[in-house]
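Working notes for the structure below.
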Amino acid sequence: MYNWQSLEVTATAYNSLKYQTDSDPNITAFGDSLRPGLKYIAVSRDLLKLGLRHNTPVKIDGLEGVYLVKDKMHSRWKNKIDIYMGVDIKAAKLWGRKKVCIDYGTPIIE
């Protein structure tokens, strides 16, 4: 069970390609493996403090389904998410950069 909260963030997209990430583009900062088709996002580190931690479920306005927090971004970014789009560079460029509302679930402790 989750307590859902809303937040407006800047959203961009990324691909698992060496020139966009690092020498091992299929491994996230949390150690998870990326595969095209997975609904994953990276979050700026300031959002970790708000409850968007590893495996937090996230709903993104304009996109279907629930995404999971599986990666974290460089500390220079603030109030930002990066949506994983596999190796589909065209889809990532088409998404671009936009402000979106997200809903994220934090576990309810009983």
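To the nearest 20 Debye, how big is the dipole of the chain about its Cα centre, given +1 on the beta carbon of each Lys and Arg and -1 on that of each Asp and Glu?
380 debye
State whether region 50-93 is rounded, prolate or oblate according to the following rule on the C-alpha gyration tensor (a ≥ b ≥ c being the square roots of its eigenvalues): a/c under 1.5 gives rounded; otherwise a/b larger than b/c gives prolate, and the remaining case gives oblate. All intermediate terms of the calculation are to be shown ahead of the outcome.
Details: a/c = 1.85, a/b = 1.22, b/c = 1.51.
Oblate.
Between (1) 9.4; (2) 8.5; (3) 6.8, which entry matches mean projected area of the Cα convex hull in nm² as derived from the coordinates of this structure?
Entry (3).
Just to confirm, what accessible area per residue do you get for the chain at 1.4 Å probe, in whole Å²?
Values: 6520 Å² over 110 residues.
Spelled out: the 1.4 Å probe surface of the chain, per residue, equals 59 Å².
What are the ³J(HN,Hα) couplings of region 74-87, residue after residue, when phi is run through the Karplus curve with 6.51, -1.76, 1.60 and θ = phi - 60°? Round to Hz, x for glycine and proline.
Once rounded to whole Hz, the list reads 4, 5, 6, 8, 10, 6, 9, 10, 10, 8, 6, 10, x, 10.
At a threshold of 8 angstrom on Cα-Cα distance, excluding pairs fewer than six apart, so keeping six or more, what relative contact order does the chain reach in percent?
Contact order relative to length: 46 percent.
The values are calculated or read from the model by the stated rules, or taken from the named source; none is laboratory data. As the structure is a computational prediction, the values presented were derived from the model and not from experiment. Cβ atoms come from the backbone with ideal geometry, glycine included; neighbour counts cover every protein chain shown. Ligands, DNA and RNA are excluded from the accessible area calculation, which covers all protein heavy atoms including side chains. Shrake-Rupley method; radii C 1.70, N 1.55, O 1.52, S 1.80 Å.
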